[in-house]
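What follows is a set of notes on a single structure, which appears directly below.
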Amino acid sequence: MIPVILLSAKAGEESKIKGLDKGADDYLIKPFSTRELIARIKTNIELSHLRRKILFQQYKEEETKQLLLTISSKILSELDINETLLDIIKEIHHKLPSERILIISNDQSEFKNNKIIALYDGPESIPSTNNLFNETNNKNKSSEFLNNNSGVDIYLDVYCDDVCKNVSVLSVEIRLNNICWGWIKLYRSPNSIWLDSEIELLQQISNQISLNIIYLNILKENTENEIKIKAIEVANKAKSQILANTSHELRTPLGAIVGILSSFDNTSLTIDQSDMINIMAHASDIVLSIVNDILDAARLEARKIALINRTFDLLELFEGTIENFGKRAGAKKIDLIVNCEVDSFPRYVKSDPDRLKQVLSHLLSNSVKFTNKGKIVLTISMQLQEVIDKDKEKLTYGQMIHRGRLLIELYDTGIGMDSEYIKYAWQSFSQGDMSITKMQDGTGLGLSICKNLVEINGGEIKVESELGKGSKFWFTWNVELLSSKTSSLTSTQFGRMSYALSQSIKQKRILIIHSVEDARNALLNYLTKIEKVDAFDTFDKGIRAAKKYKELNNQFSYDIIFISLYESNEDEIMNAILELRGLDMDYNNLQIIFIVFPTNEENELAEKLIGKVGGTTTILYTPITWKKIANLFMNMEKNHVAIENIFKQGDCKLLKTEDTNQYKFEDIKESDSKKSKCILCVDDNYISLENTLQQVSTLGYSTISATNGLEAIKLIDSKFKSLSDTYSSSFYSDIDQLKSCRISLILTECNLPMISGFNVSQAVRAMKPPISDIPIVTLTALPIGEIRNKCIESKISDYLAKPLKIEELEKVLTKWISEN
């Protein structure tokens, strides 16, 4: 490190560069003065000292770096922490020689002093560490350093109990997450000076120990959390499997109960028998609902539910769902009202119809359950928007697509909820005031399931409620809109009837008399294309409007009158109808439509009035939907007479009485051709199989059965004339009528021994026509969402959920056998 100055008589740059390359620190050209030589020597000596300081500093930094790395590796080696800290203070002693080095934990209580967890004793006399490159004027700097660094303490001459003498102490805190975990303490002989570099190094060591202990604790916490998460996952998986198995075992006998009870619908029973059947049917529906809710809650908790998009009829879904609650609402004399602008509503959309229906059904069920009088109003609207498709799995990824955001609002005049309860309403197993809710059925899972499903769809759900005054729930649901071309093709594919009104109906003049404003507004929304529609809440207002129109135009003002019929307004209706008909010159032109609840009492009241008022009269059952209105007008136009039971569901009756020389039409019964249609029922569970066979037979179809997939495949390709030799049929089968027939449809459980229902479908589709064209409907106790993809892959035509209800079975059989 001694500086070298090269003296030379050569003045060229090349000589200078060559000399410096040989290792010279400076270059001086002869001749030179003494002053110049002395200046050069002085400068090079200073530069040499500076280089030595830099090199020494680099060496010390490298030493410190290696020490800190050693500390990290020792702590992270996950050995005993006390042994690790003992090794660390030995390393510290090499860098900072001391009489004693110890690490003390901050574990002090009323009966316990701080604990020494690591201790190392060095030589008793440690000389002051002064060297050439230590800082000058350290005395002032140490106090300044202490002022700027909390957690560092220096005592130059203090008595320590653990060594029983006075010593000079340097103490630095070890902090974990801003909490003092302990201290590193160094002892030297009294009045020993602690250099700033020593204080700084010890603080670096303290920080390194802190960081590594924190990191080690985080690693341990993460490991523990991972173990907990895996344990929870295993527990959830086991719980879901137990629930699924339990559900399957519950659904099998429950399916038989529900199926047999539903088969009594068309059977003549006494009033007492009918009441008992209704009680049992209601109880079984409650049990089924609870089983479904618990399963859905478990799957949502395990994040096993995903929405499956498919094309469906939006209007039909809403009307079908609300229709399911018509009888329950009618029995409580509650006005169940659907309000939507059908003209601005898209017919077909893509989303998950089953989950949308599930959310809507839960909310409707709660409204009907907790409303004892008044009304329930379902309002549906849609916001249209254009968005960029972000689903990479779709062909439309990155393209602008049309989406709709449904806004569904459900208002009721029920018991309402306390404001304190609302914030807990979305939690599983949550119920309101038990003094009220204990009178009703349910587990408290419905709203939790609704919230989860809505959020999976990307929507939101909210509630506004006041105890004793009712509730308003609303939620949004995202759907994908179809292009006009796709929508047209879908309409043809679905084969749905058009609900557009004819021109002759649009020219009718209609009067609505209904005491409920929401019901009037709903009807007005349906009838926007009608030339003249008036709506009033009282008969007096309607009669005054009719009289005024006749005075101005010299003709009767209305062709059709909708009248809400209640037990309390029978006499008022009689007088009003007679007065209105008195204004009509052509008595038979005025058509009366009674709006009644779908109950026996209301139906008897309507028929009693029909006998009194005469003329063309129609009974329209609530809830009023666009489908009912459109079919009602369609049949009016075709027949100009009333037809009883237009809808199989009993939506309405159109009647003309004998008093006015008119006719009363009854339902057109299905022919006995059903008997020639044979249904193959496949199930490995005896109870479930017999229930299915009994329901199919009740609907008028012939049946045969199999108890596993292999047996079913052998039967499918055989003519029934050979079955008497190879197969003993079920009690419900009629072999004599089946001998010359082939199977018209297959009803199969999806989980079968030997060969599953999915494999049965694949085997049938692999056969030659017409066998390969046989419709196949799978029966399952599993959630439809879990098997839908398998159904598509196996080319299964349709599916039905267990427990099987006869009305659902009839719809599916009618659909596929008529198409086949």
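The values are calculated or read from the model by the stated rules, or taken from the named source; none is laboratory data. Since we're looking at a predicted model, the values are computed, not measured. Because the Cβ atoms are built from the backbone with ideal geometry, glycine has one as well, and the counts that use them run over all protein chains shown. Accessible surface is based on the protein model in full, side chains and every heavy atom, while ligands, DNA and RNA are left aside. Shrake-Rupley method; radii C 1.70, N 1.55, O 1.52, S 1.80 Å.
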Using a 1.4 Å probe on the protein heavy atoms only, what accessible surface does I154 show? Give it in Å² to the nearest 10.
40
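With a ≥ b ≥ c the root eigenvalues of the C-alpha gyration tensor of the range 760-813, is it rounded (a/c under 1.5), prolate (a/b larger than b/c) or oblate?
Working: a/c = 3.05, a/b = 1.45, b/c = 2.10.
Judged from the Cα gyration tensor, the range 760-813 comes out oblate (a/c at least 1.5, b/c at or above a/b).
So for the range 498-595, Kirkwood radius off the Cα pairs, Stokes-Einstein at 37 °C and 0.692 mPa s: how many µm² s⁻¹?
On the way: Rh = 13.9 Å.
Answer, rounded: 236 µm²/s.
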Using a 1.4 angstrom probe on the protein heavy atoms only, line up W626, W183, W477 by accessible area, largest first.
W183, W626, W477
Potential lengthening between Q204 and I227 on full extension [0.36 nm per residue; Cα-Cα distance subtracted]
4.8 nm
Assuming R0 = 56 Å, what is the FRET efficiency of N789 and Q503, from their Cβ-Cβ distance, to the nearest 0.05?
0.75
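Output the pairs from K332/K506; K18/K42; K350/K390; K65/K185 with a Cα-Cα distance over 25 Å in this structure; if there are none, say none.
Details: K332/K506 35 Å; K18/K42 23 Å; K350/K390 16 Å; K65/K185 21 Å.
Flagged as over cut-off: K332/K506.
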Express in Å², to the nearest 10, the accessible area of H49 obtained by rolling a 1.4 Å probe over the protein heavy atoms while all chains stay in place.
80
Percent of C-alpha pairs per 5 Å bin, the range 287-345, short to long:
4, 13, 13, 14, 19, 19, 12, 6, 0
Each label sits 7 Å from Cα toward the beta-carbon; between I214 and E63 the label points are separated, in nm, by 2.8
Say the dipole of the range 9-103 comes from +1 at the beta carbon of Lys and Arg and -1 at that of Asp and Glu; which of G12, S72, P97 then lies farthest toward its positive end?
G12
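Roughly how big is the range 169-294's charge dipole about its Cα centre, with Cβ charges of +1 (Lys, Arg) and -1 (Asp, Glu), in debye to the nearest 20? List each step's numbers first, then the result.
Values: 9 positive and 14 negative charges, 133 e Å.
Charge dipole of the range 169-294: 640 debye, to the nearest 20.
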Alpha carbon centre of the range 533-594 versus the range 334-391: separation in Å?
33
For the L269, K714 Cβ pair and Förster radius 41 Å, calculated FRET efficiency rounded to 0.05 is 0.50
For the range 753-820, with +1 on Lys and Arg beta carbons and -1 on Asp and Glu, the positive-most of G757, T780, L804 along the dipole:
G757
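Mind giving me the FRET efficiency for C164 and Y421? R0 is 60 Å, r the Cβ-Cβ distance, nearest 0.05 is fine.
Numbers: r = 69 Å, r/R0 = 1.15.
With a Förster radius of 60 Å, E is 0.30.
Give me D for the range 327-403 in µm² s⁻¹, whole number, from Stokes-Einstein with Rh from the Kirkwood sum over alpha-carbon pairs, 37 °C and 0.692 mPa s. Present the calculation step by step, with values, prior to reporting the outcome.
On the way: Rh = 15.5 Å.
D, rounded to a whole number, is 212 µm²/s.
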Based on the alpha carbon coordinates of the range 206-280, what radius of gyration and maximum Cα-Cα distance (Dmax) apply, in Å?
28.5, 91
Three principal axis lengths of the range 1-83 [C-alpha, angstrom, descending]
72, 26, 13
Which value, in Å³ per residue, describes the convex hull spanned by the Cα atoms of the range 153-209?
78
Sorting S344, I322, I334 by the position of each Cα along the dipole of the range 319-358 (Lys, Arg +1; Asp, Glu -1; all at Cβ), the one nearest the positive end of that ordering is I334
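Quick one: length gained pulling E466 to T599 fully straight, 0.36 nm per residue minus the C-alpha distance? Each step should come with its number before you reach the end.
Values: separation 133, 0.36 × 133 = 47.88 nm, distance 3.05 nm.
Answer, rounded to one decimal: 44.8 nm.
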Tell me, what is the 1.4 Å probe accessible area of K230, in Å² to the nearest 10?
130
Approximate shape of the range 238-292 as ellipsoid semi-axes (Cα gyration tensor, √5λ), whole Å, largest first
29, 10, 6
